[in-house]
Amino acid sequence: MAISVFGLGLVALIMTGSRGGWIAFILGMLVFFFIAVKSRHVRLSTLFGTGLIGIAVIAGIALAFSGMIEERIHGNDYGSAISRIPMIQIAINLIEAHPLGGVGINNYAVVMKKYNDTILGRRFKSIPRPVHNMFLLVTGETGMIGLLMLLLLLYFFFATALKSARSSDETISIINISVLAGIVAMCAHGMVDKHAPGGYPLFYVFMAMIASAYFLNGHLSHNDLSQPMDAGDEEIERPK
């Protein structure tokens, strides 16, 4: 079932045509396997076998969609990639003008045209969409205050997930590592995407899963200390 879900998800990922999404997927997988091995819940021998299966699935699907992948990588993107440069320059100009509180939520697209003084931007008739970088967009709309709040939210998310990833319970650990890898991929894709995590309902589900696992892990750890000792064990003082 896991292999089937992985394969179907990979098909959906390829069909998005998002090069940033493809790179973020690879990064997320690397993070997952690195933390899983480091937490000692996945042995290197298991990783090797799983990796071979994963490579086989990826290779088969990539071969089936080779034409679409090659066209997306080497084909004409009609200026999509190069247009990101003036978008970033406009965002920087806007942030310099409104560094503290930004221009207000959903006001970026309304005011961004008057900050387009870039030479490269004049190559395009218009740049109708906001900057494709969630960190710059959040900063432009809510200023450094909003960016700080976003970074703090992500920091506490990652810190809590890493604590539960070290759990002695294998299920809790693997779930947290999986969610952690997914959010790493989301943040990486956010470098070329204009949607912040707050715009995804699934992000709040992930936060609930991480919080639940954190408290469940603490409950399990407390119960482990409260278990009666086996015969022959030395008497030790239990923490109150």
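The values are calculated or read from the model by the stated rules, or taken from the named source; none is laboratory data. Because the structure is predicted, anything quoted here is derived from the model rather than measured. Heads up, the Cβs are rebuilt from the backbone with ideal geometry, glycines too, and the neighbour counts pull from every protein chain shown.
For this structure, a couple of remarks:
- Pick from segment 138-152, criterion out of contact with any helix residue (DSSP H, G or I) (no Cβ under 7 Å at 6 or more places or on another chain) and in contact (Cβ under 8 Å) with a residue 12 or more places away in the chain, ranking: nearest to Gly198 (Cα to Cα): Thr142
- Checking each residue in segment 157-171 for being surrounded by 13 or more Cβ atoms within 10 Å (Cβ to Cβ) and in a helix (DSSP H, G or I) picks out Phe157, Phe158, Thr160, Ala161, Leu162, Lys163, Ser164, Ala165.
- The residues on offer are Ile69, Ile73, Ile105, and the sole one that is touching a helix residue (DSSP H, G or I) at 6+ places or on another chain (Cβ under 9 Å) and either at pLDDT 90 or above or surrounded by 13 or more Cβ atoms within 10 Å (Cβ to Cβ) (or both) is Ile69.
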